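**Q** Got a structure for you, questions after.
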Amino acid sequence: MSETTEQKPRKKLVAGNWKMNGSFDSNEALILGFLAEVDDQVDVSVFCPFPYLTQVAKLLEDQGVAYGAQDVSAKASGAYTGEVSVSMLNEFGVTQVLVGHSERRQYHAESSVAVAEKAVVAMAGGITPIVCVGETLAERQAGLVEAVIASQLDPVIERCSKFVGNGAWNLVIAYEPVWAIGTGVTASPEQAQEVHAMIRARLNAMLGSEVAQSTRILYGGSVKPGNASEIFAKVDIDGGLIGGAALSSDEFSGIIRAARG
Ligand code: PGA
């Protein structure tokens, strides 16, 4: 697959997914530890557990760092025990939300259609969905990478396409091969670039080149300060979704520095 040759108009985004980690004390130390690294050359965001949104919002006030949730309901309100709606996230000043992380797909049986429904309500509510896609090792070994990514992505693109052209399109895609998440095994920069180029080609075919060229595609899966630079140097890789290394202010800082280039 050939690399995209157009000049990159996209600003890098480094997003920290804290997963089910944190406490008032550790959250504060973590945020205060990486803030010095933040400037306007790289977008930075953090995704904390729901109960910490107020604390994180306060710590990040006027700091130029976005914050968000790790999931959102596709429903507006009602008898959905345990769920959190877009309008609730709006009240906390949330501007981005993770949708369809592989841990949600795996442990909560979220289908690609359910993920797409979450993405569309987020976008409708002015919150940028970061939609996670990625194949398992067995799927990669069976030669199914393109088919799996397409099956995860197409329902999102189909439902969200109505926002293209009215200024509300704000999708971010995160390519996270399941076999690289939390394993210490990273996709090689070439492997990641190949899938990113395929995702961008799919956006191009379905929504046109303007959308394809402006949509950020992050890589996630064992990104560390030591491997971030060569991954972020690839033409279709617009930053990273960081798990384990986002829990250390030193490591997260190192990844922000790598994104600055
Ligand atoms: P990892 O997680 O960086 O620990 O591999 C990435 C993710 O799950 O988003």
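**Q** Viscosity 0.692 mPa s, temperature 37 °C: give me the Stokes-Einstein translational D for region 194-261 in µm²/s, with Rh taken as the Kirkwood radius over C-alpha pairs. The partial results should precede the final answer.
**A** On the way: Rh = 12.6 Å.
The estimated diffusion coefficient comes to 261 µm²/s.
**Q** Still on this structure: Using only Cα atoms, figure out Rg for region 1-139 and give it as a multiple of 2.2 N^0.38 Å. Mind dumping the intermediate values first?
**A** Numbers: Rg = 16.2 Å, N = 139, 2.2 N^0.38 = 14.3 Å.
Here the Cα radius of gyration is 1.13 times the empirical estimate.
**Q** Which order do T95, T186 fall in if you start with the one that has the fewest other Cβ atoms within 10 Å?
**A** T95, T186
**Q** As an exercise, take the mean of 1/r over every pair of distinct alpha carbons in the chain, invert it, and state the Kirkwood radius in angstroms.
**A** Numbers: mean 1/r = 0.0548 Å⁻¹.
About 18.3 Å, per the Kirkwood formula over Cα pairs.
**Q** Something else now. Per DSSP H run of n ≥ 4, the term is -39500 (n - 2.57); total these for the chain, divide by its residue number, and report the mean residue ellipticity at 222 nm rounded to 500 deg cm²/dmol. Display every interim value, and only then the final one.
**A** Details: 11 runs with 109 residues, N = 261.
Using -39500 (n - 2.57) per qualifying helix, the result is -12000 deg cm²/dmol.
**Q** Still on this structure, I have one more. Would you grab the residues whose amide H sits under 5 Å from the one on R216? Only those 5+ places off in sequence or on another chain, please, with H modelled 1.01 Å from N.
**A** Sorted by chain and number, the residues that satisfy this are I173.
**Q** What residues have an amide H closer than 5 Å to that of T128, excluding those fewer than 5 places away on the same chain, when H is modeled at 1.01 Å from N in the peptide plane?
**A** Q96, V97
**Q** Using θ = phi - 60° and the Karplus form 6.51 cos²θ - 1.76 cosθ + 1.60, what ³J(HN,Hα) does each residue of region 168-180 get, whole Hz, x for Gly and Pro?
**A** Going residue by residue, I get 9, 5, 8, 5, 10, 10, 10, 8, 10, x, 4, 6, 9 Hz, with x marking Gly and Pro.
**Q** Along Cα→Cβ, 7 Å out, is where each label goes; now give me the distance between the ones at T81 and K58 in nm to one decimal.
**A** Rounded to a tenth, the inter-label distance reads 3.1 nm.
**Q** On to the next question. Once the Cα gyration tensor of region 7-59 is diagonalised, what are the square roots of 5 times its eigenvalues, in whole Å and ordered largest first, as equivalent ellipsoid semi-axes? Walk me through the intermediate numbers first.
**A** On the way: eigenvalues 113, 32, 15 Å².
The answer is 24, 13, 9 Å, longest axis first.
Just so you know, all these numbers are worked out from the coordinates, no wet-lab data involved. Please read all numbers here as calculations on a predicted model, not as lab measurements. Glycine also receives a Cβ, built like all others from the backbone with ideal geometry; neighbour counts cover every protein chain displayed.
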